[in-house]
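Inspection log for the structure reproduced underneath, given as structure tokens.
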Amino acid sequence: MDNAKESAKADSATVGTPEVKDVKPKKPAGFSNPALKAMGINSIRLPSRNWMIFWCVVATGVGGYAYDKYEQKRLRKKWMDRVAKYGAEPLSPDLTARKVTVYVAPPPSDYLDESLAVFRRYVKPILNAGGVDFQIQSENRQGVIRSTVAAEIRSLRREVLNNTERLEREKEAKKWYNRLKRFLSRSKDEAVNLEAVEDKISQDKYTLTNLLGVYYKNALDEGKLHNEDAFVSDPTANGGVICIGRGAYKEYLHGLHEGLLGPLEKPIDSVDIDVPVEGTKDKDSTPESESSDTLEGAEVAVVAGEQLQSEDIDQKEHKDANGETNDKTNDESNDENSEEGEKLAKVPRPFIDPLEYSKTALAPELSFEGKIQTDSKVSPVFQQPIAVIPVYHLIGFLQTPVRIWRFYHKRELTDEYGRLTCAVVENLRRKFTPEDVDWAKDEEKDWPSKWVQKGIDKGSEWIQDTVVDDRVLNILSVYDASSIKDEKE
Amino acid sequence: MSFLGFGGAPQISSEQKIAAAENELDMVTDMFNRLVDNCHQKCINRSYSEGDISKNESLCIDRCVAKYFAVNVQVGEHMQKLGQNGSFGRP
């Protein structure tokens, strides 16, 4: 036995060495010196090759993330410090700060939270540091932003129309022959009514609370709050619009066109669209709803179309981040929606087809020479400049390498979006050019092709070509970040 | 104020009405004081370098007051519901 073993081992390199069962690889010597030995550290060794690989991979992963986070913080701080002086300006108690409207739309086949996260991380800190108030109008399905913007413009046009009509009537009434007519036909009832109205007015003015105490000196002072933009005569220097997402921007442009070029009343044959919520599996219910709604559509047109729109606006998700007008009704309607499940309010179809833009007149009630007066004396939305923040959002397993790259390079977005938001705060703007219609168009490369195909089949809003009319584009302006230079870098 | 012949609903005497009004005044004043303290603490910079409030402080105060009111109302409603259910005070 021993001979056999010895002869078998004769070929191996271990001839001559003693027989051992296990041969452990010798540990490398490691670094040491007497000082370390005195401290008790006998040798400093690197880990094995496999552990080295492991720790290197982990360190790269974690380190890349930590570096990206650090850079994001630094860049965010840079932009916030740049606008901090605007936030430190004093504001008198009867003024409210400049307010920017933010339109947020979800990325395709995903939820609204993604776009809101983009807003919250990159835009909101700089708006807050710059002392600019904002109001978020969000949607969780297509078409809501367009219909609310168009409805707003239509109500403004109606108001201006009513005011001009009233002015005309009063002018007519002042004419001498009309005054004579009224004098001759005046009845006792009219005189009594007039007296009653005058009494009421004097009663309201001189109530006890107005004459005593705190209100004595300010008896007839209404104490109204004004927006500080009310005193700014340049209409493009008022307010501002930020669109988060290419979809929101498209809908905003469409809404502007629909509001300015479209009719004031809802067309009789227009049928509301049943749009599913983004990110959920949509039920194919559009054919049924269209056929059943024809009668309802006709009735709705007779009743003030504005009423229906205001209901639609209330029912849709209408978030105000500043909390100033945090209506309870919105919370209630959201609860109702979640309780009922799928029964969301229908989105009104555009009042005017894009192909008919060139046939209609541009808002004949409004004069676009100077600042158009609204209730709050701030210029209306279409005179306020626009900024668009793209929401790059890839989904899919095969896109994982790209997503990993983007995960490690968010600092670039912080810098870019921060610069644009600084332009918003500092009010750097220029006129709208036709190229600006394609702002953030490269976000559309991220849109999943299946979703796009489904959109083409259903004719949904975001897939359609952006048809624009030059007359509307001439009114618009845009925030321009190109004049903001990085000083320290 | 009119006196019902059959004495239908229980009448709230004027003393009770005054007491109720006093309670309400106490509650409102208390809430107002807390609100002012809270929002001042959160929003206003204590190093009083100038008399005017800045834009940031003004926006912060607007939001603080709105949130405080909203929360107050919601909590009040919940408390009322609990009180009606009779589960108020039970562990």
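The values are calculated or read from the model by the stated rules, or taken from the named source; none is laboratory data. None of these values were measured; they are calculated from a predicted model. Here Cβ is always computed from backbone atoms with ideal geometry, including for glycine, and neighbour counts include all displayed protein chains. All accessible areas refer to the heavy atoms of the entire protein, side chains included, with ligands and DNA or RNA removed. Shrake-Rupley method; radii C 1.70, N 1.55, O 1.52, S 1.80 Å.
Across the range A:123-137, which residue is farthest from the other protein chains (Cβ to nearest Cβ) among those that are open to solvent by less than 10 Å² (accessible area, probe 1.4 Å) and in contact with a helix residue (DSSP H, G or I) (Cβ under 6 Å, 6 or more places away or on another chain)?
The residue in question is A:123.
Residue by residue, here is whether (1) modelled with pLDDT under 85; (2) in contact with a Lys or Arg (Cβ under 7 Å, 6 or more places away or on another chain); (3) in a loop (DSSP other than H, G, I, E, B); (4) open to solvent by 80 Å² or more (accessible area, probe 1.4 Å) holds:
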| site | (1), (2), (3), (4) |
| --- | --- |
| A:323 | yes, yes, yes, no |
| A:326 | yes, no, yes, yes |
| A:336 | yes, no, no, yes |
| A:344 | yes, no, yes, no |
| A:363 | yes, yes, yes, no |
| A:369 | yes, no, yes, yes |
| A:372 | no, no, yes, no |
| A:378 | no, no, yes, no |
| A:382 | no, no, no, no |
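Can you tell me which of B:80, B:74, B:84 is modelled with pLDDT of 95 or more, more than 8 Å from every other protein chain (Cβ to nearest Cβ) and more than 23 Å from residue A:127 (Cα to Cα)?
On the way: B:80 fails: modelled with pLDDT of 95 or more; B:84 fails: modelled with pLDDT of 95 or more.
Only one candidate qualifies: B:74.
Only one of these is within 14 Å of chain B (Cβ to nearest Cβ), touching a residue at least 24 places away in the same chain (Cβ under 8 Å), hydroxyl-bearing (Ser, Thr, Tyr) and open to solvent by 40 Å² or more (accessible area, probe 1.4 Å): A:86, A:65, A:111. Name it.
Details: A:65 fails: within 14 Å of chain B (Cβ to nearest Cβ); A:111 fails: within 14 Å of chain B (Cβ to nearest Cβ).
From the options A:86, A:65, A:111, the qualifying one is A:86.
Output the residue which, of all residues in the range A:384-400 that are in a loop (DSSP other than H, G, I, E, B) and among the polar types (S, T, N, Q), is farthest from residue A:471 (Cα to Cα). Talk me through it step by step, then tell me what you get.
We begin by selecting, within the range A:384-400, every residue in a loop (DSSP other than H, G, I, E, B); these are A:384-385, A:390-399.
Retained after the next criterion (residues that are among the polar types (S, T, N, Q)): A:384, A:399.
On the way: A:384: 16, A:399: 41 Å.
Among those residues, the one meeting the criterion is A:399.
When the residues of the range A:434-463 are narrowed to those that are closer than 22 Å to residue A:475 by Cβ and in a loop (DSSP other than H, G, I, E, B), which ends up least open to solvent (accessible area, probe 1.4 Å)?
Applying the filter and picking the extreme gives A:440.
Residues checked against (1) farther than 28 Å from residue B:45 by Cα; (2) in contact (Cβ under 8 Å) with a residue 60 or more places away in the chain:
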site: A:79; (1), (2): no, yes
site: A:97; (1), (2): no, yes
site: A:119; (1), (2): no, yes
site: A:126; (1), (2): no, yes
site: A:132; (1), (2): no, yes
site: A:136; (1), (2): no, yes
site: A:146; (1), (2): yes, yes
site: A:160; (1), (2): yes, yes
site: A:166; (1), (2): yes, no
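Starting from residues that are among the aromatic types (Phe, Trp, Tyr) and within 12 Å of chain A (Cβ to nearest Cβ), keep the ones in the range B:27-71 and report whichever is least open to solvent (accessible area, probe 1.4 Å). First the steps, then the outcome.
Initially, the range B:27-71 is screened for residues among the aromatic types (Phe, Trp, Tyr), giving B:32, B:48, B:68-69.
If we keep only those that are within 12 Å of chain A (Cβ to nearest Cβ) as well, we get B:68-69.
Values: B:68: 52, B:69: 94 Å².
Result: B:68.
Which residue is nearest to the chain's Cα centre (by Cα), if the candidates are limited to the range A:89-108 and must be crowded, with 17+ Cβ neighbours inside 10 Å and more than 18 Å from residue A:425 (Cα to Cα)?
Pass one, the range A:89-108, residues crowded, with 17+ Cβ neighbours inside 10 Å: A:91, A:95-108.
After this cut, where a residue has to be more than 18 Å from residue A:425 (Cα to Cα) as well, the list is A:104-108.
Values: A:104: 3, A:105: 7, A:106: 9, A:107: 12, A:108: 15 Å.
In this case the residue turns out to be A:104.
So is residue A:121 of a type in the set (D, E, K, R), closer than 30 Å to residue A:242 by Cβ, touching a Leu at 6+ places or on another chain (Cβ under 9 Å) and not in a strand (DSSP E or B) or not? Write out each step before concluding.
Details: of a type in the set (D, E, K, R): yes; closer than 30 Å to residue A:242 by Cβ: yes; touching a Leu at 6+ places or on another chain (Cβ under 9 Å): yes; not in a strand (DSSP E or B): yes.
Yes.
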